[in-house]
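Take a look at the structure below.
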Amino acid sequence: GVDDDLPEIHSARDMFENPTPEPPAIIDGVLRQGAKMIVTGDSKSGKTCLLTNLAVCIAEGWEWLGHQCKQGKVLYINLEVMQSDFEARYKSIYKAYEESATEQGKDNFDYWNLRGKAETLEKLAPKIIRRCRDRNYLVIIVDPIYKVQGGDENSAEAIGKFCALFDKIAEETGASMIYVHHHAKGLQGNKKAMDRGSGSGVFSRDADAIVDFANLVLD
């Protein structure tokens, strides 16, 4: 119908006369504001520690793995780790950096402990939007997504609809979405980074950025 809620069709002339401003980088060279990033890795390989590290770096405006982060507010939605352990890991980041948390860094770091409270993202997304719409978060981290996924992770249709909910959250809140996924079983070293995640390839194809963590064996 005439009254659909889809965007207007644009002419190439608009790109010259009214260009769309480039979103600022949240993680320099990796992630822009309003975009989506999937993080993959083996189970129990330290993904939550590295993502907590990332959240602290955004809150403080530090570098993360050699990439400068824009300073701003971040929400960490913790679905798996006990709250006391999560708090201990947060504090351990500062200990590892041999730094103290700044007052701005403390104000910028919010966490939402939903361990034992998880529900499908279809139900959770409106609640995230309602709580976050006016909080000016640069980034919302969802760790891990298997807790809120629901449905068959091998179904391209189901995962396409699931990933579209991250788009909706990003659009409504203005935040970049970072979500954590696990590797498929078995050795992953002979696969491309985008093919290492468990389930449908839509997980990686849908994201704007992919960060894959692989264990290194040191002698």
Inset, instruction - Using only protein heavy atoms and a 1.4 Å probe, report how much of M15 is accessible, in Å² to the nearest 10. - result: 130 Å²
Inset, instruction - For the chain, give the magnitude of the charge dipole about the Cα centre (Cβ charges: +1 Lys/Arg, -1 Asp/Glu; no others), in debye to the nearest 20. - result: 720 debye
Legend entry - From the coordinates shown, Rg/Rh (Cα atoms, Kirkwood Rh) corresponds to which of [x] 1.02; [y] 1.07; [z] 0.98: [z]
Inset, instruction - Please give the per residue accessible area of the chain, computed with a probe of 1.4 Å over protein heavy atoms only, in Å². - result: 58 Å²
Inset, instruction - Quote to one decimal, in nm, the extra length available between A164 and N136 on full extension: 0.36 nm per residue of separation minus the C-alpha distance between them. - result: 8.0 nm
Inset, instruction - Could you work out how far apart the two model spin labels at L6 and E99 are, taking each label as a point 7 Å from the Cα in the direction of the beta carbon, and quote it in nm? - result: 4.6 nm
Inset, instruction - Multiply the residue gap between N18 and K44 by 0.36 nm, knock off their C-alpha separation, and tell me the result in nm, one decimal place. - result: 4.6 nm
Legend entry - Solvent-accessible area, 1.4 Å probe, carbon plus sulfur percent, for the chain: 49 percent
Legend entry - Entries of K91/K168; K70/K161; K127/K168; K44/K147 with Cα pairs more than 20 Å apart: K91/K168; K70/K161
Legend entry - Most positive-pole-ward Cα, L124, L6, M177, against dipole of the chain from beta carbon charges: L124
Inset, instruction - Quick one: Debye curve from the alpha-carbon atoms of the stretch 9-63 only, equal weights, vacuum; give me log10 I(q)/I(0) at q = 0.23, 0.24, 0.25, 0.30 Å⁻¹ to two decimals. - result: -0.99, -1.04, -1.09, -1.20
Inset, instruction - At most 14 other Cβ atoms within 10 Å plus a DSSP loop assignment makes a site exposed; report the longest stretch of the chain without any exposed trypsin sites (Lys or Arg not before Pro). - result: 45-114
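The values are calculated or read from the model by the stated rules, or taken from the named source; none is laboratory data. This is a predicted model, so every value here is computed, not measured. Every residue, glycine among them, receives a Cβ derived from its backbone with ideal geometry; neighbour counts consider all protein chains shown. Protein only, heavy atoms only, side chains kept; ligands, DNA and RNA dropped before computing areas. Shrake-Rupley method; radii C 1.70, N 1.55, O 1.52, S 1.80 Å.
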